[in-house]
Amino acid sequence: MKLKAVFFDFDGTLVHSIDLLVEIFGAVLREQNLPVLPPAELRKLIGRPLSEIFATIAPGENIDTAVAKFREIESTRNNANEIALVDETISTLEFLRGKNLRLGIVSTKRVAVVEKLARELKIWDFFEVVVGRDLVAKPKPDPEPIFFGCEKLGIDPREILFVGDSLLDLDAAKNANSPFVGVLTGVCDRAEFAKNRAEYIFGHIGELVNLVRELR
């Protein structure tokens, strides 16, 4: 492949945020007197839009209220004191940029939420394009967010690697015809990625270095 760019999911891929998100979901569900799923079940939903997650958990309830409460709590905890970078994130981003690869983030978070934490963790300036839920009509697993990012950079989706931690990310990459790298720092394990035919499966994004050396 002619590799020109690498796009990353955010939660569970670049940052260790999954446990915190599960905790916030639990707090909202308890406060709203909604069914509280076990953490393992909540983890499987991470990455989908908030409205979709709450509709899945409690269909027929006031989803807007639950979403607003989640965002209220998240706004107080979405910071570098609560969330850390995945190991080797900065060194990997430096390596990729040194190879003249263009970098992007594709997330179901809103851009402002990603930006706040990415700036605190000092990785924001690595990325040329950040696609959030607020910029597209259809979120992952639809390919629209990947297409949006590629269009901004003027590249073909087949010329990127898409890196993510969930089957949602894998499906988005497949739908966009983009090669996919599954990382085990989020919600999916190796067996799930293998069963769903991820092209590459790595423990964390630091292992991208060797792959990019092979591809370039």
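The values are calculated or read from the model by the stated rules, or taken from the named source; none is laboratory data. Bear in mind the structure is a predicted one, so any value in this text is a computation, not a measurement. Glycine also receives a Cβ, built like all others from the backbone with ideal geometry; neighbour counts cover every protein chain displayed. When the accessible area is computed, the model is the full protein with side chains, heavy atoms only, and any ligands, DNA or RNA have been set aside. Shrake-Rupley method; radii C 1.70, N 1.55, O 1.52, S 1.80 Å.
Within 10 Å, count the other beta carbons around each residue, average over each peptide in 147-153, 194-200, and list them highest first.
147-153, 194-200
To the nearest 10 degrees, how steep is helix 89-98 against the longest Cα principal axis of the chain, on a 0 to 90 scale?
That works out to roughly 30 degrees.
Once you have a ≥ b ≥ c as the square roots of the Cα gyration tensor eigenvalues for region 1-79, tell me rounded if a/c is under 1.5, and otherwise prolate or oblate according to whether a/b is larger than b/c.
prolate
Which of rounded, prolate or oblate describes region 126-216 when judged by the alpha-carbon gyration tensor and an a/c cut-off of 1.5?
On the way: a/c = 1.79, a/b = 1.28, b/c = 1.39.
The shape class here is oblate.
Give me the extension gain from residue 128 to residue 34: residue separation times 0.36 nm, minus the current Cα-Cα distance, reported in nm with one decimal.
29.9 nm
Give the angle, between 0 and 90 degrees and rounded to the nearest 10, that separates the Cα long axis of helix 111-120 from the longest principal axis of the Cα atoms of the chain.
70
Based on the mean of other Cβ atoms within 10 Å per residue, sort peptides 9-22, 121-134 so the most packed one is first.
Result, highest mean Cβ count within 10 Å first: 9-22, 121-134.
Quick one: which residues, 5 or more positions from residue 8 or on another chain, have an amide H under 5 Å from its amide H? H modelled 1.01 Å from N in the peptide plane, none for Pro or chain starts.
Amide H neighbours of residue 8, under 5 Å, 5+ apart: 104, 105, 106, 163.
Residue-wise, which Karplus ³J(HN,Hα) couplings in Hz belong to region 151-157, taking 6.51 cos²θ - 1.76 cosθ + 1.60, θ = phi - 60°, and x for glycine or proline?
4, 4, 8, x, 10, 8, x
Taking the Cα centroid of region 142-216 and of region 1-79, what is the distance between the two, rounded to the nearest whole Å?
21
Mind putting a number on the dipole of the chain about its Cα centre? Charges go on the C-beta only, +1 for Lys and Arg and -1 for Asp and Glu, and I need it in Debye to the nearest 20. Write down the numbers at each step before the final one.
Working: 28 positive and 33 negative charges, 102 e Å.
Approximately 500 debye in magnitude.
From a point 7 Å beyond the Cα of residue 1 in the direction of its Cβ, which residues of region 175-216 have a backbone N at a distance under 15 Å?
175-183, 197-202, 208-216
Taking 30 Å as R0, compute the FRET efficiency from the Cβ-Cβ separation of residue 197 and residue 81 and round it to 0.05. Write out the running numbers ahead of the final one.
On the way: r = 38 Å, r/R0 = 1.28.
Taking R0 as 30 Å, the efficiency between residue 197 and residue 81 is 0.20.
Need one word for region 73-145: rounded, prolate or oblate. Basis is the Cα gyration tensor (sqrt eigenvalues a ≥ b ≥ c); a/c below 1.5 gives rounded, then a/b vs b/c decides. All intermediate terms of the calculation are to be shown ahead of the outcome.
Details: a/c = 2.24, a/b = 1.09, b/c = 2.05.
In terms of gyration-tensor shape, oblate.
Out of 100, 33, 78, any idea which swings most in a Gaussian network model of the chain, alpha carbons joined below 10 Å?
Of the options given, 33 has the highest mean-square fluctuation.
In whole percent, how big is the carbon plus sulfur part of the accessible area of region 59-125, probe 1.4 Å, protein atoms only?
Carbon and sulfur together cover 44 percent of it.
By how many nm would the segment from residue 137 to residue 110 lengthen if fully extended, with 0.36 nm per residue of separation less the alpha-carbon distance?
Working it through step by step, the gained length comes to 8.5 nm.
Using modelled amide H (1.01 Å from N, peptide plane; none on Pro or chain starts), what sits under 5 Å from the amide H of residue 15, excluding residues fewer than 5 places away?
86
Hey, if you put +1 on the Cβ of every Lys and Arg and -1 on every Asp and Glu Cβ in region 65-216, which of 164, 143, 203 ends up farthest toward the positive end of that dipole?
Farthest towards the positive end: 143.
Mind listing the phi-derived Karplus ³J(HN,Hα) values for region 2-7, rounded to whole Hz, using 6.51, -1.76 and 1.60 with θ = phi - 60°, and x for any glycine or proline?
8, 7, 10, 7, 10, 10
Using label points projected 7 Å from each Cα along Cα→Cβ, tell me how many nm separate residue 209 and residue 61, to one decimal.
The two pseudo-label positions are separated by 4.5 nm.
Given a 1.4 angstrom probe, what's the average accessible area per residue across the chain, in square angstrom?
46
Tell me the angle of helix 63-77 to the major Cα principal axis of the chain, expressed in degrees between 0 and 90 and rounded to the nearest ten.
The helix 63-77 is inclined about 60 degrees to the chain.
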